[in-house]
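Working notes for the structure below.
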Amino acid sequence: MSKTVLIVGTGLGGLSTGLRLASRGYKVKFVEKASQPGGRLNQIKKDGFIFDVGPSFFSMPYDFEELVNDCNIKMPFDFVELDPLYTVNFRGNDKKYSLYKDIDKLSKQFEEVEPNFKTKFTAYLKKCGELYNDTVDVVIKQNFDSIPGYIKALMQVNPKHLPVLVKSFWKQSSSFFESKEARQIVSLIAFFLGRTPFDTNAVYTLLSHIEFVHTGYYNVKGGMYTIVTSLVEELKKLNARFEFDTEIVTYRNTGNKLTSLIGKNGKTYEADIYVINADAALFRGTVFNREKFTEKRLRKMSWTMGYLTFYVGIKTKLPQVEHHNYFLGNNFEAYAKDVMKNPGTMEKPYYYVNVVSKHNSSCAPDGCEALFFVCPVPNLLYKTDWSDKDAMIKSIIEDFSERIKQDISKDIIFQMAYTPEDWQNQFNLYKGAGLGLSHSMLQIGALRPKNYDEKFKNTFYVGASTVPGAGLPMAVISSKLTAERILKL
Ligand SMILES: Cc1cc2nc3c(=O)[nH]c(=O)nc-3n(C[C@H](O)[C@H](O)[C@H](O)COP(=O)(O)OP(=O)(O)OC[C@H]3O[C@@H](n4cnc5c(N)ncnc54)[C@H](O)[C@@H]3O)c2cc1C
């Protein structure tokens, strides 16, 4: 008889694990707190506008290819490559940097500010490529059963990378470039990990290799949520079942076997195997009441920043704005030092704007544009009062209008926002930390919450706060690592 699997959460990690198992004959059921699937990879559909809620692009598309090959299905969605990857704008400067993967086109952008940019960038990327190639298979895409096993894997990494381990991302990028423009633009990717380049280890410069050399960035035809709808469709073809508006709050066990999970609705859910896609640290603390994950311990762990995200529908077009844009100020170091912890309203925030309707005309009515703003902010450990969110949003919309030389405030016909409180309450993200646990050196590999339970032999974890970490490709890799453990049972 097929084994039954109960998956708690329908984030990308949960869906991909479910697909890998269902395609091998397991009977898969999902329970999800929210009323629609996707977790952070979600969608808002309102008044003719469609917005991606969280992720707006991804790298490493081959991990999705590995997933569909593993499940013996065809790729159920189409990738759209972004070119330029993104644009960067500095406050008080009309120049817009367009970040192309083509190194000659890219170098032209930096001609005036960074002499010999092409030579320096090539040297930087060579180092990033070596870091990527020397770590991806031995460290990132591996399950570790013990700390000695992890140390053994680390020892296989070429020792020439050791100096990088004691540097910050910022220090590493500054050793290749002199101009503030090149240093800041190259370091922006550290924010994708939910921290700043000043507190992110230089080993993550390997992301620049992924960004510029290896794969670039992709969107999906029809919007990012198509990933979720198409995976759910594939799962339904394999008879997977879904129950929404169901939050798991407690459990029953017999010895070292989990026997059921119990929802807030009082219902009991039984299976042979349980996969937790909810945050791997928070769930252990709040549902399994584990000593190592009490509120006091969770607080002491290192979490990523929060995000103020807002979704704006306007009744005009913005031909001058690309798909994917960063708007920076001119106090990068002071800003980065403040952004994780300063509870006051940041008068001049930095922000990212995604024009989702640029590649997907179906995401906005004719003549309209759907805009998604992301502003890095302190999580709820550092800022609990969000009564100033409207003031922050107003100041960002004013700043954006000024910088694109078009006042959008009079054209807004739809607007809604998520503060870290909303991110926390909707998706059970600890303190609204957008990317979950941070990737500090003491919270990666075998030191991250494990993808198998310490006590229950039939319980596993998948997603951003277990191995390997945050981001869509990592969620897919995480599902591979988790499924690997389950298939060995
Ligand atoms: C604003 C923002 C922008 C981002 N942009 C990008 C991007 O551009 N590219 C990229 O690659 N990544 C991006 N990310 C990161 C990416 O969204 C995440 O790493 C990824 O979606 C996490 O997937 P997951 O499967 O780990 O978990 P989640 O998506 O968090 O899914 C977990 C699910 O579990 C459910 N759940 C939790 N607790 C319970 C419970 N007790 N009972 C039942 N259900 C429960 C939740 O409701 C949720 O649906 C972004 C994140 C944010 C917040």
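The values are calculated or read from the model by the stated rules, or taken from the named source; none is laboratory data. All figures in this text were calculated on a predicted structure; none of them were measured in a lab. A quick note on method: Cβ atoms are made from the backbone with ideal geometry, for glycine too, and the neighbour counts reach across all protein chains shown.
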Condition met for VAL31 (in contact (Cβ under 8 Å) with a residue 12 or more places away in the chain and near the ligand (Cβ under 10 Å from one of its atoms))
yes
Scan the range 8-28 for residues that are more than 9 Å from the ligand (Cβ to nearest atom), aliphatic (A, V, I, L, M) and in a strand (DSSP E or B) and jot them down.
VAL28
Hey, LYS33 in a loop (DSSP other than H, G, I, E, B), of a type outside the set (Ser, Thr, Tyr) and farther than 30 Å from PRO420 by Cβ or not:
no
For LYS237, indicate whether it is free of Cβ contacts under 8 Å to residues at least 12 places away in the same chain and on the phi < 0 side of the Ramachandran plot.
yes
I need the full set of residues from the range 36-57 which are closer than 26 Å to GLY194 by Cβ and more than 6 Å from the ligand (Cβ to nearest atom), in order please.
GLN36, PRO37, GLY38, ASN42, GLN43, ILE44, ILE50, PHE51, ASP52, VAL53
Among the residues of the range 130-158 satisfying the criterion of being closer than 14 Å to ARG448 by Cβ and among the hydroxyl-bearing types (Ser, Thr, Tyr), which is surrounded by the fewest Cβ atoms within 10 Å (Cβ to Cβ)?
SER146
From ASP245, ASP279, ASP272, grab the single residue that is more than 12 Å from the ligand (Cβ to nearest atom) and of a type outside the set (Phe, Trp, Tyr).
ASP272
Search result, residues across the range 249-269 that are more than 11 Å from the ligand (Cβ to nearest atom) and touching a strand residue (DSSP E or B) at 6+ places or on another chain (Cβ under 7 Å)
ARG252, ASN253, LEU258, THR259, SER260, THR268
What tally of residues in the range 210-235 results from selecting those that are more than 16 Å from the ligand (Cβ to nearest atom) and closer than 30 Å to ASP134 by Cβ?
2
Looking at the range 31-43, can you tell me whether even one residue there is buried (at least 19 other Cβ atoms within 10 Å of the Cβ) and closer than 20 Å to PHE191 by Cα?
yes
Where residues in the range 181-210 are modelled with pLDDT of 95 or more and among the charged types (D, E, K, R), which of them is nearest to ILE444 (Cα to Cα)?
ARG183
Qualifying strands (runs of 3 or more DSSP E) (wholly inside the range 48-163; at least 2 residues being modelled with pLDDT of 95 or more)
49-52, 86-90, 96-99
Of (1) within 9 Å of the ligand (Cβ to nearest atom); (2) in the same structural domain as SER465 (by TED's automatic domain parsing); (3) of a type outside the set (Phe, Trp, Tyr), LYS74 satisfies all except one. Which?
(1)
Any chance you could count how many residues in the range 394-421 are within 15 Å of the ligand (Cβ to nearest atom) and crowded, with 20+ Cβ neighbours inside 10 Å?
4
Filter result for LYS431 (surrounded by 19 or more Cβ atoms within 10 Å (Cβ to Cβ) and on the phi > 0 side of the Ramachandran plot):
yes
Number of the exception - VAL213 against (1) farther than 18 Å from MET441 by Cα; (2) surrounded by 22 or more Cβ atoms within 10 Å (Cβ to Cβ):
(2)
Within the range 321-337, can one find any residue that is of a type in the set (Asp, Glu) and either closer than 24 Å to ASP422 by Cβ or modelled with pLDDT of 95 or more (or both)?
no
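Residues checked against (1) assigned by TED's automatic domain parsing to the domain that holds GLY18; (2) within 14 Å of the ligand (Cβ to nearest atom); (3) surrounded by fewer than 24 Cβ atoms within 10 Å (Cβ to Cβ); (4) at positive phi:
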{"site": "LEU435", "(1), (2), (3), (4)": "no, yes, no, no"}
{"site": "ILE444", "(1), (2), (3), (4)": "yes, no, yes, no"}
{"site": "ASP453", "(1), (2), (3), (4)": "yes, no, yes, no"}
{"site": "ASN458", "(1), (2), (3), (4)": "yes, no, yes, no"}
{"site": "TYR461", "(1), (2), (3), (4)": "yes, yes, no, no"}
{"site": "THR466", "(1), (2), (3), (4)": "yes, yes, no, no"}
{"site": "GLY469", "(1), (2), (3), (4)": "yes, yes, no, yes"}
{"site": "LEU472", "(1), (2), (3), (4)": "yes, yes, no, no"}
{"site": "LYS480", "(1), (2), (3), (4)": "yes, yes, yes, no"}
Here are LEU235, LEU258: which of them is surrounded by 19 or more Cβ atoms within 10 Å (Cβ to Cβ), in contact with a Gly (Cβ under 7 Å, 6 or more places away or on another chain) and among the aliphatic types (A, V, I, L, M)?
LEU235
What's the number of the only condition in (1) within 15 Å of PHE456 (Cβ to Cβ); (2) free of Cβ contacts under 8 Å to residues at least 60 places away in the same chain; (3) more than 10 Å from the ligand (Cβ to nearest atom) that VAL287 fails to meet?
(3)
Suppose we filter VAL287, VAL275 for residues that are buried (at least 23 other Cβ atoms within 10 Å of the Cβ) and closer than 22 Å to ARG40 by Cβ; which single one remains?
VAL275
Within the range 173-204, can you find the residues that are crowded, with 23+ Cβ neighbours inside 10 Å, of a type in the set (S, T, N, Q) and touching a Lys or Arg at 6+ places or on another chain (Cβ under 8 Å)?
SER173, THR196
